[in-house]
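Working notes for the structure below.
Readers should treat all values here as calculations from the given coordinates under stated rules, not as data from a laboratory. Quantities reported herein were computed from a predicted structural model and do not represent experimental measurements. Counting neighbours? That spans all protein chains shown, and the Cβs are built from the backbone with ideal geometry, glycine included.
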Amino acid sequence: MMMVTLGTGVGGGLILNGKIVAGAHGAGAEIGHIHVREVEGERCACGGMGCLEQVASATGIVKEAERFLRMFREPSSLRIYGKALTAKIVCDAAKEGDQLAYLSLDLSMRSLGIVLAQVSMVADPEIFVIGGGVSKAGEFLLDLIRKHYEEYTPILEKKAELVLATLGNDAGIYGCARLMLEKD
């Protein structure tokens, strides 16, 4: 399985054959810094450019929406927010039919769908669990991710299931407790 967190950044955790994959250098499942965009004018917090985190995190969703607002003149409910724009506002506007919000969010989730497809081609997980604050957009968000994941996994007869995380902000403490109990 793979856990993906969409919050201020994009985090990942991969479990294969019951073991957490940390990798040889501790960067296992660090999907937030997979390169997804050739043309990127800003550096990511990691120092790279074009990282998934720059597009699909809460911060990235806002930046994408702001780019769309600058590039296109179509009316959008997002225009009234200025610097107060948030990923939640973008997701809600997209759900309510704001075309510009939808297109910018769809572009962000396209990048995530592509990365999940790449993970599937390497690790073939049974399930992707999507959590973090952005995941509160629910099935609407999952449908966007799923659409692109499906598009980029044409050779897979059986595809990983995409589901929403259910533990919310308590997930970390549950995971910690589980790891401690398994050490005995």
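Using only Cα atoms, locate the centre of the range 52-75 and the centre of the range 149-171, then give the distance between them in Å, rounded to an integer.
Rounded to whole Å, the Cα centres lie 24 Å apart.
Among the listed pairs K83/K136; K63/K95; K158/K183; K19/K63; K19/K159; K88/K147, which are separated by more than 25 Å between their Cα atoms?
K158/K183; K19/K63
Determine, for V119, V134, V163, V55, the number of other Cβ atoms within 10 Å of each Cβ, and report the residues in order from fewest to most.
Ranked by crowding around the Cβ, least crowded first: V163, V119, V55, V134.
Quick check on the chain: helices-only [θ] at 222 nm, where DSSP H runs of length 4 and up contribute -39,500 (n - 2.57) each and the sum goes over total residues. Nearest 500, please.
After summing the helix terms and dividing by residue count, I get -13000 deg cm²/dmol.
Pull out a ≥ b ≥ c, the square roots of the eigenvalues of the alpha-carbon gyration tensor of the range 108-184, then state rounded if a/c is under 1.5, prolate if not and a/b is larger than b/c, and oblate in the remaining case. Please list the in-between numbers first.
Values: a/c = 2.97, a/b = 1.53, b/c = 1.93.
Because a/c hits 1.5 or more and a/b fails to exceed b/c, the range 108-184 counts as oblate.
Of the trypsin sites (Lys or Arg not before Pro) in the range 154-184, which ones lie in a loop per DSSP and count no more than 14 other C-beta atoms within 10 Å?
Working: sites: K158, K159, R178, K183; in loops: K158, K159, K183.
Hits after loop and neighbour filter: K158, K183.
Compute the signed sum of charges (Lys and Arg +1, Asp and Glu -1) over the other residues within less than 14 Å, Cβ to Cβ, of H148.
Summing Lys and Arg as +1 and Asp and Glu as -1 gives 0.
What is the angle, in °, between the Cα long axis of helix 99-123 and the longest principal axis of the Cα atoms in the chain? Nearest 10 is fine, range 0 to 90.
Around 20 degrees separate the two axes.
Among residues other than A94 whose Cβ falls under 12 Å from its Cβ, what is the net charge (Lys/Arg +1, Asp/Glu -1)? Spell out each step's value before the answer.
Values: positive: K88, K95; negative: E64, D92, E96, D98, D106, D143.
Residues near A94 contribute -4 overall.
Let me know the Kirkwood hydrodynamic radius for the range 2-182, please, with Cα pairs as the basis and the value in Å to one decimal. Write down the numbers at each step before the final one.
Working: mean 1/r = 0.0590 Å⁻¹.
So the Kirkwood estimate lands at 16.9 Å.
Please identify, among K136, K88, K19, the residue showing maximal mean-square fluctuation in a Gaussian network model of the chain using a 10 angstrom Cα cutoff.
Result for the chain, Cα springs under 10 Å: K19 fluctuates most.
What's the magnitude of the charge dipole for the range 36-184 around its Cα centre, counting Lys and Arg as +1 and Asp and Glu as -1 at the beta-carbon? Answer in Debye, nearest 20.
Details: 18 positive and 22 negative charges, 105 e Å.
The calculated dipole for the range 36-184 is roughly 500 debye.
Among residues other than G48 whose Cβ falls under 15 Å from its Cβ, what is the net charge (Lys/Arg +1, Asp/Glu -1)?
Details: positive: R37, R43; negative: E30, E38, E40, E42, E53.
Combined, the nearby Lys, Arg, Asp and Glu give -3.
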